[in-house]
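Any read-out appearing in this document is the output of simple, stated calculations on the displayed coordinates, not a laboratory observation. Treat the numbers as computed from the prediction; the structure is a model and nothing was measured. Heads up, the Cβs are rebuilt from the backbone with ideal geometry, glycines too, and the neighbour counts pull from every protein chain shown.
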Amino acid sequence: MCGIVGAIAERNVVPILLEGLRRLEYRGYDSAGVALLDGQGNLQRTRRIGKVKELADALQDNPIKGVTGIAHTRWATHGGVTEANAHPHFSSERIAVVHNGIIENYESLRTDLTTKGYGFTSDTDTETIAHQVHFELDNCDDLLTAVQNAVKKFHGAYGTVILDKNDPDRVIVARSGSPLVIGLGLGENFIASDQMALFPVTRRFMFLEEGDVAEITRTSIKVFDSAGLPVEREVKESNLEHDAGDKAGYRHYMLKEIHEQPTVIRNTLSGRLQDNGISANIFGHGADELLAKIKHVQIIACGTSYHSGMTARYWLEQYANVSCNVEIASEFRYRKSYVHPNSLIVTISQSGETADTLAALRLAKEQGYAASLTICNVPGSSLVRESDLAFMTLAGAEIGVASTKAFTTQLTGFLMLTMALGKHNNMSQDDHQHIIKALHSLPAKLEETLQLTDGIKALAEEFADMHHSLFLGRGDQYPIAMEGALKLKEISYIHAEAYASGELKHGPLALIDDEMPVIVVAPNNELLEKLKSNVEEVRARGGIMYVFADKEANFKSDETMRVINVPHCESAIAPIVYTLPLQLLSYYVAVIKGTDVDQPRNLAKSVTVE
Ligand code: G6P
């Protein structure tokens with residue numbers, strides 16, 4: 001949530017900061033800004049409401065330059081979308097600050113700082129950082145010490161970068177609860193909230209840990225832990241292959257990412273799925289011993305990742321014979337829950353930094369779970385670092401705010417986890433062989449499914465004028481219906497609800513009329529006949545049906561029903577296969593409606609605030 005880029009160099013850093021912001025824009029796009037120190041000790045700032053392009057245009061019209069700079073793209077939390085609330089924030093034209101996260105006690109800090117004579121020009125929590133650092137600086141006369149003293153006063157989450165006009169040869173950064181990475185250059189150094197922002201300038205990164213404060217000059221990096229003691233943090237060479245800054249000829253990142261799914265799932269399976277199964281060490285060192293004692297799984301996640309957990313529950317109980325609960329992280333973290341004996345806590349996250357999921361994991365670790373596992377797409381992220389075991393999805397960087405390939409690779413990981421747990425819980429040989437066969441066939445099946453694009457494009461035309469829609473599924477397709485509804489609402493702004501179709505007659509049937517499209521996911525499984533009855537209930541009430549069905553399910557198109565035949569597949573992978581047409585449908589509806597597909601209104605990709 002929000003993006004940060006910083007640089008300290010001997011050259012003009014404006015192009016580096018702007019390119020970094022463009023790469024981080026998916027994290028927030030309400031406003032953008034930059035503050036620069038030039039070689040003569042001048043501090044200048046430009047901020048604009050809207051996207052990074054607005055800022056870039058402003059800088060082109062009125063260029064400013066600097067050798068040290070900080071920049072930010074904002075997803076508004078405290079204070080509306082105004083230029084005054086855009087980062088960087090200043091204290092007396094001397095201290096400049098960019099910040100991700102939320103300073104929860106900002107109101108009391110603000111009252112205190114106002115009493116001390118600091119004037120506020122924004123409604124943000126971030127401005128308290130600038131003034132608090134300034135206050136501390138007046139007392140100790142050293143920027144590093146000032147930041148170390150200031151952060152002790154903050155409750156909440158921050159990843160922050162601070163400049164002092166009177167101390168132009170260093171920047172200070174601090175991290176607690178919001179990620180920050182330092183990029184190492186030659187005679188220049190960089191900072192960002194996500195390494196991807198810095199790929200054009202470096203591949204060498206130092207990841208800060210919770211509570212770290214660091215002093216960065218052009219030629220040195222000194223890191224101090226939360227106790228103020230000097231610490232070494234490892235420098236890692238990033239081997240992320242994807243330079244996701246590129247749309248590879250697709251009109252949107254989302255479409256590119258939908259089409260990448262066969263490849264990234266192949267990558268996720270590669271070297272992990274053998275002819276006769278998987279080895280448990282794909283979940284980390286010592287995984288087999290830890291998983292051997294597991295009898296219950298508690299899954300926590302948010303958004304699309306939560307839907308993958310919902311799907312996994314069906315697999316874990318059906319095939320692996322372990323009981324499973326799934327809960328939204330923001331609920332889990334604020335209630336007292338029962339911990340079953342021999343429970344595994346599983347977090348799922350594309351980013352590995354979602355604030356609620358991380359907080360839920362930390363809580364769970366205090367509650368006596370036997371082990372923790374994360375299914376995550378970002379190596380080195382907080383969830384990966386703080387879990388006992390990790391399964392890395394190899395989706396590559398996902399830029400479209402609406403998650404696609406991260407979701408299907410998570411599901412792929414869950415099928416492998418099902419086998420790993422099933423091995424210790426009397427999973428049948430038939431089920432074991434079925435999942436292996438299904439996973440081997442998955443990439444090709446997805447390629448085949450993507451061929452449905454033209455039919456789905458035509459279907460999308462019929463949706464563009466609709467205001468509401470209903471998605472129906474049963475069994476392990478119910479969470480897929482939920483994910484389909486989420487995709488449609490996220491990017492086309494059409495109200496969409498999902499129901500387990502057996503629930504129709506308990507309320508939603510009242511909504512059915514000829515202005516309510518009903519989307520059904522109907523693989524040919526043991527629930528097909530039940531689903532068909534639910535479809536007839538809708539038809540009898542004048543609803544218009546859009547059915548994604550296995551050919552052998554024998555649905556026929558007519559004036560009240562459009563049928564799209566999805567390639568027949570093994571039942572274990574049907575939730576993954578049926579996800580793709582729903583992604584494509586949302587995508588093409590959004591394109592027809594002309595919405596901002598990759599950066600839908602009010603959303604952000606990485607939600608690092610509560
Ligand atoms: C945001 C994103 C969603 C994502 C959710 C959870 O809402 O827009 O696409 O599913 O966060 O994020 P995570 O990184 O934990 O999977």
Stokes-Einstein D for the range 216-275 at 10 °C, 1.306 mPa s, Kirkwood Rh over Cα pairs, in µm²/s? 99 µm²/s
Quick one: if the Förster radius is 30 Å, what FRET efficiency do K293 and A444 give, using the C-beta to C-beta distance and rounding to 0.05? 0.25
Packing-based ranking, highest mean first, of 12-20, 429-437, 301-309 given that Cβ atoms within 10 Å are counted: 301-309, 12-20, 429-437
Bounding extents of the range 434-558 in its principal axis frame from Cα atoms, largest first in Å, are 42, 29, 27
On a 0 to 90 degree scale, rounded to 10, what angle separates helix 355-366 from the longest Cα axis of the chain? 80 degrees
Using Cα atoms only, what is the angle between the long axis of helix 528-539 and the major principal axis of the chain, expressed in degrees (0 to 90) to the nearest 10? 80 degrees
Can you list residues whose amide H is under 5 Å from S31's amide H, if they're 5+ apart or on another chain and H is modeled 1.01 Å from N? G50, R74
Assertion target for V67, V589, V322, ordered by fewest C-beta neighbours within 10 angstrom first, is V67, V322, V589
Point-charge dipole on Cβ atoms (K/R +1, D/E -1) for the range 1-125, about Cα centre, debye to 20: 260 debye
For the pair A458 and E210, how long in nm is the line joining their label points, each one 7 Å along Cα→Cβ? 5.5 nm
Let me know the charge dipole size of the range 546-610 about its Cα centre in debye, to the nearest 20, where only the beta-carbon of Lys, Arg (+1) and Asp, Glu (-1) is charged. 160 debye
Along Cα→Cβ, 7 Å out, is where each label goes; now give me the distance between the ones at K593 and N565 in nm to one decimal. 3.1 nm
Using θ = phi - 60° and the Karplus curve 6.51 cos²θ - 1.76 cosθ + 1.60, what whole-Hz ³J(HN,Hα) does each residue of the range 95-110 get, with Gly and Pro shown as x? 9, 10, 9, 10, 8, 10, x, 9, 8, 5, 9, 5, 5, 5, 5, 5
Once you have the Kirkwood Rh of the range 492-587 from its Cα pairs, apply Stokes-Einstein at 37 °C and 0.692 mPa s and quote D in µm²/s. 236 µm²/s
Sort H424, H495 by Cβ crowding within 10 Å, fewest neighbours at the top. H495, H424
Hey, what's the per residue convex hull volume over the C-alpha atoms of the range 532-610, in cubic angstrom? 179 Å³
Top positive-direction residue, dipole computed over the range 1-152 with Cβ charges, set L109, A76, Q132: A76
Cβ-Cβ FRET estimate between N166 and R541, R0 fixed at 60 Å, reported to 0.05: 0.25
In order through the range 213-227: 3J(HN,Hα) via Karplus (6.51 cos²θ - 1.76 cosθ + 1.60), integer Hz, x for Gly, Pro: 10, 10, 10, 10, 10, 5, 10, 9, 9, 10, 10, 10, 7, 5, 8
The range 255-339 - Kirkwood radius from inverse mean 1/r over Cα pairs (Å): 15.3 Å
Taking the alpha-carbon centroid of each part, what is the distance from the range 271-289 to the range 1-38 in angstrom? 41 Å
Residue by residue through the range 399-414, what is 3J(HN,Hα) from phi via Karplus (6.51 cos²θ - 1.76 cosθ + 1.60, θ = phi - 60°)? Round to whole Hz and write x for glycine and proline. 9, x, 4, 6, 6, 10, 5, 5, 4, 6, 6, 4, 4, 4, x, 5
Calculated FRET efficiency for the pair R385/V235, C-beta based, R₀ 22 Å, to 0.05: 0.85
Calculated from DSSP helices alone, with each H run of at least 4 adding -39500 (n - 2.57) and the total divided by the residues of the chain, [θ]222 nm to the nearest 500 comes to -10500 deg cm²/dmol
Can you tell me the mean projection area, over all orientations, of the convex hull of the chain's alpha carbons? Units nm², please. 27.4 nm²
Can you tell me the dipole magnitude for the chain around its Cα centre, using point charges on the Cβ only (Lys, Arg +1; Asp, Glu -1), in Debye to the nearest 20? 280 debye
Divide the volume of the convex hull of the Cα atoms of the range 69-158 by its number of residues and quote the answer in cubic angstrom per residue. 92 Å³
What base-10 log of the normalised intensity I(q)/I(0) is obtained for the range 223-379 from the Debye formula, alpha carbons as equal point scatterers, at q = 0.11 Å⁻¹? -0.58
Could you please rank C2, C140, placing first whichever residue has the fewest other Cβ atoms within 10 Å of its Cβ? C140, C2
Cβ neighbours within 10 Å, averaged per peptide: list 374-383, 541-550 in order, most packed at the top. 374-383, 541-550
Between the range 66-97 and the range 420-472, what is the separation of their alpha carbon centroids in Å? 44 Å
Where does the range 12-126 land on Rg/Rh, using Cα atoms and the Kirkwood Rh? 0.97
Any chance you could run the full-extension gain for E529 through C140? It's 0.36 nm times the residue separation minus the Cα-Cα distance, nm to one decimal. 132.5 nm
Rounded to two decimals, the Debye log10 I(q)/I(0) of the range 157-205 (Cα scatterers, no solvent) at q = 0.14, 0.20, 0.28 Å⁻¹ is -0.37, -0.72, -1.06
Of all alpha-carbon pairs in the range 181-289, indicate the percentage at a distance above 23 angstrom. 53 percent
